[in-house]
Amino acid sequence: MEDGVLKEGFLVKRGHIVHNWKARWFILRQNTLLYYKLQGGRKVTPPKGRILLDGCTITCPCLEYENRPLLIKLKTQTSTEYFLEACSREERDAWAFEITGAIHAGQPGKVQQLHILKNSFKLPPHISLHRIVDKMHDSSSGIRPSPNMEQGSTYKKTFIGSSLVDWLISNSFSANRLEAVTLASMLMEENFLKPVGVRSMGAIRSGDLAEQFLDDSTALYTFAESYKKKISSKEEINLSTVELSGTVVKQGYLAKQEENRPVGGFSLRGSLVSALEDNGVPTGVKGNVQGNLFKVITKDDTHYYIQASSKAERAEWIEAIKKLT
C-alpha cells in the first residue's frame, strides 16, 4: 500500500446528478477520500473526484435506502452528500471506522476513544425495552418484516439479525454493534422477539446473553405475538416473571387443547410428562385430534393435552420438558 494511504478498495457510489450506482476505486488518505473510474479492472488516473474530510460527518449504518443496507453516508462542510455502498457489513464497518479516524485525525483524544469503542461496549444505564419495541413497530421508521429464505424454506414476516443491529445503531439505541447485539438479546430474552429457522434457533442455546442474538445476514427473527396483546396496568398477571424468563431450551409450534378460557402458560416445576397413543386420547378432548399427543400434569394436578406435528417432534418436546421438571 502506498505511503499515506489508510485504506483502498472498491465501493459503489451514487451519482450526484443522475442517481445511478457505479463501482469506483476509493483511496483514503489523511484528509481526503479519492475515487477513480475503472477500466479493464484498473483505476483510471487522474481521480474522478475527491471528498474533503475536514468537517465531514459520517452516518453508518445509513438506512435511507431500504434495499441497500450496506451504505455509508458522508456529508461535507458544504452539505454535499455522498452515498457509498460496500460489498459486506464487515467491509462497510471497516471503511466507516477508518474514515471516522481520518475525519478526527487532528484530535488524538477522539481517535483513541474510537479505538476503545471498537473493542468494548457499555449499555446505557436506563433502557426502556417497551419504548424500543414501540419504535420498531412504527409503520414509517420501524423494522419492516418481509419473507426471507433459509436453507430452502421461506419464512414470512421476518427480518435478518444484522438489519436489526443496523436499525438499533441508526436510531441511537446503541452506540456500536456489540452493544446492539446485547440489546437485541435482551429483547429476545424478554419475549419481544423470537428466533425463526435453524440458524437463529441454534444460537439461543448459548449461555452467554450477548451471543444469543446473531449479527448475521443469514439469521432470521420475527416479532413475538405477545406484543400485540397490550396488557393494561390494572390487569392481573398470574404468571411470575421468574417462570417465564428462563433460558429457552426448545421452541416451536404446537397445538394445545384449551379450557373454557385461554391460558398464557403454566409452570413445569414438579410436573409429569408422558406420550399418549391414539387410543389414549380422553373423551373430553375436543377438536380435530390426529395423534402425536402428549400429556403434562402439573404439581397442582392440572392436566394439559398437547399435540405435536410428528412423533419425532413429540419425543423432542417430552425430552426437553423432562429436563425442566
Taking segment 288-325 on its own, how many of its residues are surrounded by fewer than 16 Cβ atoms within 10 Å (Cβ to Cβ), closer than 13 Å to SER271 by Cβ and of a type in the set (D, E, K, R)? 5
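In segment 1-55, what residues are hydrophobic (A, V, I, L, M, F, W, C), part of a loop (DSSP other than H, G, I, E, B) and closer than 17 Å to ILE99 by Cα?
First pass over segment 1-55, keeping only residues hydrophobic (A, V, I, L, M, F, W, C): 1, 5-6, 10-12, 17-18, 21, 23, 25-28, 33-34, 38, 44, 51-53.
Imposing the further condition that a residue be part of a loop (DSSP other than H, G, I, E, B) reduces the set to 1, 5-6, 17-18, 53.
Matches in segment 1-55: MET1, VAL5, LEU6, LEU53.
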Cβ pairs under 7 Å, 6+ apart, first in segment 298-318 and in contact (Cβ under 8 Å) with a residue 60 or more places away in the chain and at negative phi, second in a strand (DSSP E or B) and open to solvent by less than 60 Å² (accessible area, probe 1.4 Å): TRP317/PHE294
When you scan segment 18-27, do you find a residue that is open to solvent by 90 Å² or more (accessible area, probe 1.4 Å), charged (D, E, K, R) and within 35 Å of the chain's Cα centre (by Cα), even just one? yes
Lone unmet requirement of (1) among the β-branched types (Val, Ile, Thr); (2) assigned to a strand (DSSP E or B); (3) over 27 Å from the mean Cα position of the chain (by Cα) for THR78: (2)
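Report whether or not ASN67 is in contact with a helix residue (DSSP H, G or I) (Cβ under 8 Å, 6 or more places away or on another chain) and open to solvent by 80 Å² or more (accessible area, probe 1.4 Å).
Here the answer is no, as ASN67 does not meet what is asked.
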If ASN238 meets every condition in (1) at pLDDT below 85; (2) buried (at least 20 other Cβ atoms within 10 Å of the Cβ); (3) not hydroxyl-bearing (Ser, Thr, Tyr) apart from one, which number is that one? (2)
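The values are calculated or read from the model by the stated rules, or taken from the named source; none is laboratory data. What you see is a predicted model; the values in this text were computed from it and never measured. Virtual Cβ from ideal backbone geometry, glycine too; neighbours counted across all protein chains shown. All accessible areas refer to the heavy atoms of the entire protein, side chains included, with ligands and DNA or RNA removed. Shrake-Rupley method; radii C 1.70, N 1.55, O 1.52, S 1.80 Å.
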